[in-house]
Amino acid sequence: MTKPIYLDYMSTTPIDPRVAEKMLPYLNEDLFGNPSSTHYYGYKAKAAIEEARAQVAHLINAKPENIIWTSGATEATNLAIKGAASFYSRQGKHIVTSKTEHLATLETCKHLESLGFDVTYLTPKPDGLIDIENLKSSLRQDTILVSIAHVNNEIGVIQNIQAIGEITRSRGILLHVDAAQSAGKTPIDTQKLKIDLASFSAHKVYGPKGIGALYIRSQPKLQLTPQIHGALQENGLRAGTLATHQIIGMGEAFHVAFQEMANEFKHISALREKLWLGIENLGNIYINGSITDRIPGILNVSFANIEGEVLIPALKDLAISQSSACNIDTNKTSHVLKSLGISDELITNTIRFSLGRFTTEKEIDFAIKHINDVVKKLRR
């Protein structure tokens, strides 16, 4: 069986060989120690973890002590939102987010509503971007937190975090940013953007699954209520023995991203444009989300005049998706696209093409031909 062309980099990325090579010694050599142990093996593991912490911090213009290891961006988001809501609940119980957020944010906010918090869900503009004036008017005296994704995981639009950060910082409101899809794809400067909390995941940046991080502002010091209780690892914010090999992988993945982001941006942008130019001639297809404010490696496209639920199965030679992989088990249409006002009929025939570091021009040429052949056949 011939493997399909992989065009689903927003779901996950393959581990970069350089990352895998860096991880291996921490699995099968004398670097396996528990980093909390006070002997040779523990010291070696701890030193490597601190190097990785510095690598993650470097990509986002932070200090190593600002980085707390988690199991992924979902846990980081839970710690950020629940931890801040719990600690600062005496100051207020109002949170602002958007309808197009990842389920890690939406379900966490839903849980907090059951505990008596009030959550405002902003409706984005038709291009997927947050109306800054609308956000500003949604803030109240009791607002303690705003949580907005930097890059949307389905349509790839880049929110104006700098403008949002200026507003929240001036009002003493915490800003949490889901940066799982933006790390390594667009510059992140936590100081310039005035971010207080930010969630990251290694497997979106060519690192291993099962490891992530939370950036926590330290000047002035920000407090969170821990969500996992046990020993005092990670400054008492996240109990549990650290997964050394995965942390090493995340550090190296962020290090490689820092080195290659500029060249990668050009490479992936060119391939995305080639893909779009190769299929737009089919007509009655629409790009969802802002054309200008987006990361390079994604095309979220709706195909009109095709019978529902047949397009993706017909494109069997491409590994693609309709929406976030985290939504698949819910059997619901994309909440992101519905929030943009797109009809259920079009949502059914929407495909998220996402390209990445290892996508080749030859693969895009194949994809263009395959998409053209299938769509023309389905429209007969």
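List of remarks:
Rundown of residues vs (1) surrounded by 17 or more Cβ atoms within 10 Å (Cβ to Cβ); (2) in contact with a Lys or Arg (Cβ under 6 Å, 6 or more places away or on another chain); (3) among the aromatic types (F, W, Y), yes/no style:
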residue	(1), (2), (3)
K209	no, no, no
G212	yes, no, no
A243	yes, no, no
I295	yes, yes, no
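- Restricted to the range 150-176, and to residues there that are touching a helix residue (DSSP H, G or I) at 6+ places or on another chain (Cβ under 6 Å) and not in a loop (DSSP other than H, G, I, E, B), the residue that is nearest to V336 (Cα to Cα) is H176.
- Among the helices (runs of 4 or more DSSP H) confined to the range 272-380, the ones with at least 2 residues that are of a type in the set (A, V, I, L, M, F, W, C), farther than 17 Å from D127 by Cβ and in contact (Cβ under 8 Å) with a residue 24 or more places away in the chain are located at 311-314, 361-378.
- Sole residue being closer than 22 Å to A253 by Cα, in a helix (DSSP H, G or I) and either touching a residue at least 40 places away in the same chain (Cβ under 8 Å) or assigned by TED's automatic domain parsing to the domain that holds A231 (or both), chosen from A84, A76, A80: A76
- Residue match in the range 273-280 (condition: of a type in the set (D, E, K, R) and within 19 Å of the chain's Cα centre (by Cα)): no
- Put simply, of L145, L129, L139 the only residue that is over 23 Å from S201 (Cα atoms) and not aromatic (F, W, Y) is L139.
- Matching option when the condition is of a type outside the set (S, T, N, Q), surrounded by 20 or more Cβ atoms within 10 Å (Cβ to Cβ), under 19 Å from the mean Cα position of the chain (by Cα) and outside the structural domain of L315 (by TED's automatic domain parsing), among A52, A57: A57
- Looking at L214, L242, L193, L224, just one residue is outside any helix (DSSP H, G or I), at pLDDT 95 or above, among the aliphatic types (A, V, I, L, M) and in contact with a Ser or Thr (Cβ under 6 Å, 6 or more places away or on another chain), and that residue is L214.
- There is no residue in the range 142-151 that is closer than 26 Å to I320 by Cβ, polar (S, T, N, Q), under 16 Å from the mean Cα position of the chain (by Cα) and modelled with pLDDT of 95 or more.
The values are calculated or read from the model by the stated rules, or taken from the named source; none is laboratory data. Keep in mind the model is a prediction, meaning the values are calculated, not measured. Every residue, glycine among them, receives a Cβ derived from its backbone with ideal geometry; neighbour counts consider all protein chains shown.
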